[in-house]
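The values are calculated or read from the model by the stated rules, or taken from the named source; none is laboratory data. Keep in mind the model is a prediction, meaning the values are calculated, not measured. Neighbour counts are summed over all protein chains in view; Cβ atoms, including those assigned to glycine, are modelled from backbone coordinates with ideal geometry. Protein only, heavy atoms only, side chains kept; ligands, DNA and RNA dropped before computing areas. Shrake-Rupley method; radii C 1.70, N 1.55, O 1.52, S 1.80 Å.
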Amino acid sequence: MPIDSPPPSAASHSSPSRRPLLLTEDADLLDSLLRLVAAAGAEAIVLQSASTARAAWPSAPLILVGDDLAPAVAAARLPRRTGVVLVGRDLDDAGVWRRAVDVGAEHVVLLPDGESWLVDRFAEAVDGARRGSLVAVVGGRGGGGATVTATALAVTGLRLGHRTLLVDGDPLGGGIDLVLGGEASDGLRWAELAGARGRLMADSLYEALPQVDELTVLSWGRADGADVPGEAMATLLDAGLRGSDLVVVDLPRQFVQASQVVLELADVTLLVVPAELRAAAAASRVLASIRDYCPDVRVLVRGPAPSGLDAEVIAEALGLPLAGVIRPEPGIAAALERGDPPGRRTRGPLATFCAGFLQDVVRPQSRWVA
């Protein structure tokens, strides 16, 4: 294996700027670290001297300094920075803490006890410190158009160039992949993922899920029906948000544990309400169950208004800001029956609303965090 280059045993698709730096002359320690890098699906830059580390030191997302090179790194007086970890093996060596201070390390990890912690740190370096925008959509009443709206938002987000994940959070909705015409697409559904726990690699999630016209979808199978465990929803959304520009979740009207997880992570929750008096009354009950969990809830009013009920009146009655009004869209019912996804056409009331709404919600580059 060549030194000072990414080792083949740790190959992945991470860019050079996202590769952690491993700095050690200890062959056994390096073998252990490379095994952990591979387990995280990452690749690393490997260097064997403090002098050659100066160029990569400022930009590496994570730096692991072997205890064997700690004195040399301290003597090199490399710039102090975050993300430096001192790695050793001797649990009885009290001097390791002094050497960690000398190299400016934030953490000391002793192997093998710290292996799982390091795998998580390597995975973070691959995914990057990013978070996409999450939009939750819930209907004010049954059949009010929430699923169509959620699907149109995801389709529009993809068309606008955002890496987008559409999540079906409603086990009784029949499967949102049907709205996309993608019920036969290969990939995992909720039944196979309901036991997900811990941390998932974002790219692995995308590879496992069905894709319909390049839109990645997490849906229910035809025989599925149990609620999503809250822990599974949290696990999947964590990976989805790290790997996406936009995540759209279609929520059930009945409040469940997974709904709380989504709402607490959502940047915006859209309450979709038909322009009808009974729908507005039903929406007030839905709102009462969700508003404490998401700080930004907006109402989207869908026409037609049989009695002429004004959208501003509905928003005022609910005490919510008005996200928009969508007029009736000719032919949408027939398009859905054909498996023609809503939002695919660039014109029309639904596509126009989605494009304008996402321009405000998905903020390019601002989703990257330190």
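Report yes if ARG302 is within 29 Å of GLY181 (Cβ to Cβ) and either surrounded by fewer than 18 Cβ atoms within 10 Å (Cβ to Cβ) or of a type in the set (Phe, Trp, Tyr) (or both), otherwise no. Against the criterion (within 29 Å of GLY181 (Cβ to Cβ) and either surrounded by fewer than 18 Cβ atoms within 10 Å (Cβ to Cβ) or of a type in the set (Phe, Trp, Tyr) (or both)), ARG302 does not qualify.
Hey, among the residues in region 50-75 that are over 33 Å from the mean Cα position of the chain (by Cα) and modelled with pLDDT under 95, which one's least open to solvent (accessible area, probe 1.4 Å)? Looking at the filtered set, the residue picked out is ALA50.
Is region 208-221 home to any residue that is among the aromatic types (Phe, Trp, Tyr), in a helix (DSSP H, G or I) and in contact (Cβ under 8 Å) with a residue 12 or more places away in the chain? So far as region 208-221 goes, no, none of its residues is among the aromatic types (Phe, Trp, Tyr), in a helix (DSSP H, G or I) and in contact (Cβ under 8 Å) with a residue 12 or more places away in the chain.
Looking across region 268-280, the residues that are modelled with pLDDT under 95 and in contact with a strand residue (DSSP E or B) (Cβ under 8 Å, 6 or more places away or on another chain) come down to PRO274, ALA275, ALA279, ALA280. Scanning region 92-143 for residues that are in contact with a Cys (Cβ under 8 Å, 6 or more places away or on another chain) and either in a helix (DSSP H, G or I) or polar (S, T, N, Q) (or both) yields no hits at all. Residues that are open to solvent by 10 Å² or more (accessible area, probe 1.4 Å) and either touching a Phe, Trp or Tyr at 6+ places or on another chain (Cβ under 7 Å) or part of a loop (DSSP other than H, G, I, E, B) (or both) within region 150-168 comprise LEU160, GLY161, HIS162, ARG163, listed in sequence order. Here SER284 clears all of (1) closer than 30 Å to ALA355 by Cβ; (2) open to solvent by less than 20 Å² (accessible area, probe 1.4 Å) except the condition numbered (2). Considering only residues in region 22-35 that are farther than 15 Å from LEU86 by Cα and hydrophobic (A, V, I, L, M, F, W, C), the one that is farthest from the chain's Cα centre (by Cα) turns out to be ALA27.
Going through ALA60, ALA136 one at a time, which residue ends up being of a type in the set (Gly, Ala, Ser) and over 30 Å from SER259 (Cα atoms)? Step by step, each of ALA60, ALA136 is checked, and only ALA60 is of a type in the set (Gly, Ala, Ser) and over 30 Å from SER259 (Cα atoms).
Taking the criterion of being open to solvent by less than 20 Å² (accessible area, probe 1.4 Å) and at pLDDT below 85, the only residue of region 196-216 that qualifies is ALA202. Residues in region 112-139 that are crowded, with 17+ Cβ neighbours inside 10 Å and within 15 Å of LEU22 (Cα to Cα): 7 in all.
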